[in-house]
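The values are calculated or read from the model by the stated rules, or taken from the named source; none is laboratory data. This is a predicted model, so every value here is computed, not measured. Ideal geometry is used to build each Cβ from the backbone, glycine not excepted, and the neighbour counts take in all protein chains shown.
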Amino acid sequence: MPKTKTFALYLVKNDVKSFDDLFTETANDRLKRGDAIVKDSTDLGKTARAFIFDNIPQSPKWLADLNDVFTGLPNIKNKSSSAIVAFEHGSRIFLIPFAHGWQYIDNTKIEMDFGLRVVINSLSDDRVKRIDRSNLGEAIKGVSQSAFQRDLRAFGIDEALDLVRRITGRTDNADDFADNLAGATALKITREMTLSEMADIAEEALIRFQSDAYKKTSFQIIDKVRPILDQILLSKLDAEAVETIKSGQDNFELSMPGWSEEDIVYYGFSGLHLQRRFADLLMDNYRGELGSDITSLDVESIKSKHGVFAEFANDAIGKQRWSIKKALIGSLIVEGGLYAISEGEWYRLDEQFKNDVDGTFQTLIEKWPSAPLKMIKKISANGKKTGFETELEYNKRCAAVYGQVCLDQEILQVPSIPYGKFEACDLLDIGNKRIIHVKKSSRQSSVLSHFFKQGSNSARILKTYPEAREVLINKVQTVAGKISADALRASLGDSLAGWTVEFHVVDAPRPDGSFQIPFFSRITLRDEARTLKGMTFGVALRFVAT
């Protein structure tokens with residue numbers, strides 16, 4: 001009886017018809033030099049070929065360090081060999097690597113979501129064991145695991161923000177295709193089998209790869225927002241983005257990727273002749289710094305030559321730098337597909353899903369009854385740097401002008417509840433029953449997503465826990481006096497009836513005069529607004545022009 005084994009299976013793209021077109025430049029060089037063993041067989045599919053890369057035994061690098069201290073050590077030598085088996089079956093070519101043979105595969109020639117699609121068409125969505133995911137809204141990458149199979153929804157996977165990258169699970173007992181499956185680019189399959197049986201297994205895997213059965217399960221979420229892994233498509237998207245920037249279209253803006261709670265004072269660009277500083281991170285500023293050199297802008301420039309840096313109000317924090325590509329936020333339509341970029345990664349969007357998110361975003365925007373207080377712009381003594389006051393400075397001025405209570409950086413502690421420390425809001429408008437959160441700049445996807453979640457969470461705590469409301473009242477009495485505290489107590493009541501959670505975003509308008517936030521932050525806003533409205537809060541988004 002065959003032993004239980006695990007093989008990794010790759011599917012080669014349909015337009016690749018020859019074994020000679022499968023490998024990296026390094027592998028091809030070795031093959032041309034005769035520095036590999038090549039053997040053919042007819043015992044696996046229509047035809048099969050093994051490429052064995054045998055290496056010369058060498059001493060490991062760490063042995064020299066040990067010899068400096070210890071005497072009489074043996075002359076240890078490692079021999080790291082690998083192989084790739086390529087076979088044709090059912091008009092397609094498949095690859096099975098051994099050891100580190102996968103490093104020799106040219107990833108522009110393989111289907112990058114083959115394993116993932118086979119798995120989601122093979123597993124029941126209540127038998128998922130492990131999911132690798134990337135949460136775009138919070139820039140969190142992680143792995144959710146369970147020692148037992150669970151329903152997909154039990155992992156807390158939001159249909160929009162959590163993109164399934166790799167899934168592992170156990171197949172149904174009635175399915176003799178495999179015992180366990182893991183899918184990403186490669187399909188890892190575990191069952192009792194021999195290598196010669198992989199042709200039939202590959203044939204069934206191809207059927208499941210081409211199936212759309214997953215659309216009837218919770219796995220359909222991957223069609224909402226899908227990461228692009230195909231290298232040829234990625235190159236095309238990068239090139240289209242460059243041409244769009246050069247043409248002056250407003251498809252893209254610039255953002256600071258990653259996470260930072262600190263106030264940014266100035267932005268600048270690296271890799272260019274000019275060294276000016278700007279208060280806003282704008283595409284127009286980048287184009288202006290390029291000047292006539294914009295005609296020679298290319299993909300290499302936005303990926304590695306040109307960058308953005310930020311200087312912070314906190315002098316203890318050094319400059320943060322990142323590439324122009326990593327700073328891009330926006331979308332393109334290429335060959336009928338809608339693609340968005342965030343923090344240097346491209347994603348394909350379901351158009352109906354995007355329209356739903358955009359529609360909700362527009363309904364949440366409220367205009368000001370009169371012109372709002374603007375942030376104060378500061379210019380350095382030499383006139384080369386232009387920046388804005390900090391959020392705290394701005395919030396204090398707003399509180400003084402509008403008769404609000406500034407609670408920015410005022411932490412409430414409620415020992416009796418889980419996670420008992422939280423910031424209620426930045427500004428509290430007691431008379432108009434508004435819980436106001438303020439954020440400078442609408443360009444940071446991860447920061448804005450956290451901003452919306454933070455506002456939703458504080459409202460939930462205040463709504464749910466009477467002791468949290470009492471702590472808030474006491475804090476207001478400390479900050480603004482007893483009269484304000486008594487007014488707040490009366491206004492809050494037992495249920496915060498009639499209160500609105502408002503998000504104020506201070507930023508420069510887009511070229512057409514409108515305001516926008518990154519798409520993935522719009523998803524978070526949509527979801528948190530639903531939660532807040534479910535708690536009977538009003539929800540509003542207002543923009544303050546810089």
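Would you point out the residue of region 327-360, among those that are among the aromatic types (Phe, Trp, Tyr) and within 17 Å of SER446 (Cα to Cα), that is surrounded by the fewest Cβ atoms within 10 Å (Cβ to Cβ)?
TYR347
Find the residue count for region 272-297, including only residues that are at pLDDT 90 or above, in contact with a Lys or Arg (Cβ under 9 Å, 6 or more places away or on another chain) and among the acidic types (Asp, Glu).
The number of residues fulfilling the criteria is 1.
When region 326-356 is examined, which residues are found to be in contact with an Asp or Glu (Cβ under 7 Å, 6 or more places away or on another chain) and not in a strand (DSSP E or B)?
First, pick out the residues of region 326-356 that are in contact with an Asp or Glu (Cβ under 7 Å, 6 or more places away or on another chain): 326, 329-330, 332, 334, 338, 350.
Residues satisfying the conditions are LYS326, ASP350.
This table checks each residue for (1) over 30 Å from GLU345 (Cα atoms); (2) assigned to a loop (DSSP other than H, G, I, E, B); (3) of a type in the set (Gly, Ala, Ser); (4) under 36 Å from the mean Cα position of the chain (by Cα).
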{"residue": "ASP408", "(1), (2), (3), (4)": "yes, yes, no, yes"}
{"residue": "VAL438", "(1), (2), (3), (4)": "no, no, no, yes"}
{"residue": "SER446", "(1), (2), (3), (4)": "no, no, yes, yes"}
{"residue": "PHE452", "(1), (2), (3), (4)": "no, no, no, yes"}
{"residue": "ARG460", "(1), (2), (3), (4)": "yes, no, no, yes"}
{"residue": "GLU467", "(1), (2), (3), (4)": "yes, no, no, no"}
{"residue": "ARG489", "(1), (2), (3), (4)": "yes, no, no, no"}
{"residue": "GLY498", "(1), (2), (3), (4)": "yes, yes, yes, yes"}
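What number of residues within region 486-495 satisfy the criterion of being buried (at least 20 other Cβ atoms within 10 Å of the Cβ) and touching a Ser or Thr at 6+ places or on another chain (Cβ under 9 Å)?
0
Keeping to region 183-231, report how many residues are at pLDDT below 90, crowded, with 21+ Cβ neighbours inside 10 Å and over 13 Å from LEU116 (Cβ atoms).
Residues in region 183-231 being at pLDDT below 90, crowded, with 21+ Cβ neighbours inside 10 Å and over 13 Å from LEU116 (Cβ atoms): 2 in total.
Look at ARG510 and say whether it is modelled with pLDDT under 95, in contact with an Asp or Glu (Cβ under 8 Å, 6 or more places away or on another chain) and surrounded by 17 or more Cβ atoms within 10 Å (Cβ to Cβ). Even if it seems obvious, please write down each step before you answer.
On the way: modelled with pLDDT under 95: yes; in contact with an Asp or Glu (Cβ under 8 Å, 6 or more places away or on another chain): yes; surrounded by 17 or more Cβ atoms within 10 Å (Cβ to Cβ): no.
In short, no.
In this structure, is SER247 free of Cβ contacts under 8 Å to residues at least 24 places away in the same chain, in the same structural domain as ASP298 (by TED's automatic domain parsing) and out of contact with any Ser or Thr (no Cβ under 7 Å at 6 or more places or on another chain)?
Numbers: free of Cβ contacts under 8 Å to residues at least 24 places away in the same chain: yes; in the same structural domain as ASP298 (by TED's automatic domain parsing): yes; out of contact with any Ser or Thr (no Cβ under 7 Å at 6 or more places or on another chain): yes.
Considered against the rule, which asks whether it is free of Cβ contacts under 8 Å to residues at least 24 places away in the same chain, in the same structural domain as ASP298 (by TED's automatic domain parsing) and out of contact with any Ser or Thr (no Cβ under 7 Å at 6 or more places or on another chain), SER247 comes out as yes.
Look through region 36-66, keep the residues that are assigned to a loop (DSSP other than H, G, I, E, B) and of a type in the set (Lys, Arg), and return whichever of them is modelled with the highest pLDDT.
Of everything passing the filter in region 36-66, LYS46 is modelled with the highest pLDDT.
With SER304, SER331, SER323 as the choices, which residue is in the same structural domain as SER255 (by TED's automatic domain parsing) and farther than 24 Å from PHE519 by Cβ?
Details: SER331 fails: farther than 24 Å from PHE519 by Cβ; SER323 fails: farther than 24 Å from PHE519 by Cβ.
One residue alone meets the criteria, SER304.
Among the residues of region 27-79 satisfying the criterion of being exposed (fewer than 12 other Cβ atoms within 10 Å of the Cβ) and among the hydroxyl-bearing types (Ser, Thr, Tyr), which is farthest from MET198 (Cα to Cα)?
For region 27-79, the residue satisfying everything is THR71.
For region 516-546, what are the residues that are among the hydrophobic types (A, V, I, L, M, F, W, C) and in contact with a Leu (Cβ under 9 Å, 6 or more places away or on another chain)? Break it down into steps so the answer makes sense when it comes.
Step one: filter region 516-546 for residues among the hydrophobic types (A, V, I, L, M, F, W, C), giving 517, 519-520, 523, 525, 529, 532, 535, 537, 539-541, 543-545.
Within region 516-546, ILE517, PHE519, PHE520, ILE523, LEU525, ALA529, MET535, PHE537, VAL539, ALA540, LEU541, VAL544 qualify.
Within region 232-249, can you find the residues that are closer than 17 Å to THR295 by Cα and surrounded by fewer than 15 Cβ atoms within 10 Å (Cβ to Cβ)? I'd like the intermediate steps shown before the answer.
Let us first name the residues in region 232-249 that are closer than 17 Å to THR295 by Cα, namely 238-249.
Result: ALA239, GLU243, SER247, GLY248, GLN249.
The rows are residues; the columns are (1) closer than 28 Å to ASP106 by Cβ; (2) assigned by TED's automatic domain parsing to the domain that holds PHE114; (3) in contact with a strand residue (DSSP E or B) (Cβ under 9 Å, 6 or more places away or on another chain).
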| site | (1), (2), (3) |
| --- | --- |
| LYS17 | yes, yes, yes |
| ASN28 | yes, yes, no |
| LYS39 | yes, yes, yes |
| THR42 | yes, yes, yes |
| LYS46 | yes, yes, yes |
| ILE52 | yes, yes, yes |
| ASP65 | no, yes, no |
| PRO74 | no, yes, no |
| LYS77 | no, yes, yes |
